[in-house]
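Visitor: Next up is a structure, given as structure tokens.
Derivation of every value follows stated rules applied to the coordinates shown; laboratory data play no part. Fair warning: this is a prediction, and the values are worked out from it, not measured in the lab. Please note: Cβ atoms are built from the backbone with ideal geometry, for glycine as well, and neighbour counts cover all protein chains shown.
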Amino acid sequence: MSFPEWGRSYNALHVPLTGDWQCSLVPACDMDEPTSWWSLSYDERQQKRKDRKRQIEQDQRDFERYFRVSTSRRAARACRDFSAYAAFISQHLRISALSAPVDGEGVTRILRDAVRDGALIPAIDRAWRGSRRVGRSYAPQSWPKRAPDPKPTIYGVRNGEFVPLDANGCFIDRTPYVPVAATASNAAVSGSGFDWLGAVETAAGAVLGGGVDDSGDVGDSGPGLVDSLTDADDSTPFGNAQAFEYSEDMPDGDDETLAGMPIKGGPPNTWVENPSGSGQLRLYDANGNAAADIDIDHDHGFGAPHSHNWDGQDRDLGNPVSILPY
């Protein structure tokens, strides 16, 4: 199709003119500058605009002279071309139902007036070799698949540095990334079986008052709770905590138990995990009395997890606990 560039619109109506010419009637709202002009200089674009204006004015005069529809009112009902004219006029021109065309003379008058008023822009192909029927070019009904957006690079923290992760959530050396802080907060809600004993051991410095070095030992920032309650030879690491087993002679009164674990009579110098599966940990001193709790499954205003210190049978309100990434 050799219509001018501005005549190639999916909203245009292609109509035959007298002789061998074919015209494309384009709604004025579709008359944008062709994209091929964007790479031209300012002077070249100005010249293109002048040439297009001159060509459109010539096409308007030729359309007025050579466009005519000779369909009678009786034949209009069964004429395919007339139906295409009527549908195009109804869709793109503002006319009332009383002014709708009923024969070829009505179509000729309405389209000529629209071209003269600038509502429709004619684009004539003077070397047309195709069909002489009225028709429209419809947009493709399927489009090529859009290329997916590039995925952002995800980083994980290791040894205080940001290291990129691959699509499987592993570091570039294939080491799985375990975000402790995020996993800890999710485990409190979902009960996914997160290893809280290992996480608490990693955060022992923040929980118990001392720092933790790379070897997992409590640092020199001061005596922690474990140091004050256990002997160096008898202390049990968090990772070795054993589930507490009940026996018949365990205290069972409200004044002797709390949260399903005894306040007195526990295994000395040992961290015990609540057998109910709530994720609570309790530390017993050398005499088997409750010394400290770490609560994981709820929030007393200090976050989850948080800690409590025991003084006899009294437990304080709570203390915040920080779980740091590996």
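Visitor: Would you list 88, 162 from fewest to most Cβ contacts within 10 Å?
Guide: Ascending Cβ contact count within 10 Å gives the list 162, 88.
Visitor: Next question, about the same structure. Can you pull the one-decimal nm distance between simple spin-label points at residue 51 and residue 66, each 7 Å off the Cα toward Cβ?
Guide: According to this spin-label approximation, the distance is 2.1 nm.
Visitor: Can you tell me the length gained on complete extension of the stretch residue 31 to residue 173, counting 0.36 nm per residue apart and subtracting the Cα distance?
Guide: 45.4 nm
Visitor: Run the quick spin-label model on residue 316 and residue 147: label points 7 Å from Cα toward the beta carbon, then report their separation in nm to one decimal.
Guide: That separation, rounded to one decimal, is 6.0 nm.
Visitor: Using mean Cβ contacts within 10 Å as the protection proxy, how do 17-29, 126-138 order, highest first?
Guide: Per-residue Cβ counts within 10 Å, averaged per peptide and sorted highest first, yield 17-29, 126-138.
Visitor: Stretch residue 95-residue 264 to full length: gain in nm at 0.36 nm per residue minus the Cα-Cα span?
Guide: Full extension from residue 95 to residue 264 adds 51.5 nm.
Visitor: Hey, if you put +1 on the Cβ of every Lys and Arg and -1 on every Asp and Glu Cβ in the range 1-81, which of 31, 15, 3 ends up farthest toward the positive end of that dipole?
Guide: Checked the options; the winner is 15.
Visitor: 5 Å is the cut-off here: which amide hydrogens, built 1.01 Å from N in the peptide plane, fall below it relative to residue 158, excluding neighbours closer than 5 in sequence?
Guide: Close amide H contacts, sequence-distant or interchain: 163.
Visitor: Shifting gears a bit: Which length gain, in nm to one decimal place, applies between residue 78 and residue 162 when the Cα-Cα distance is subtracted from 0.36 nm times their residue separation?
Guide: Using 0.36 nm per residue and subtracting the Cα-Cα distance, I get 22.8 nm.
Visitor: Between residue 298 and residue 137, how high is the FRET efficiency from 1/(1 + (r/R0)^6) when r is the Cβ-Cβ distance and R₀ = 56 Å? Nearest 0.05.
Guide: 0.25
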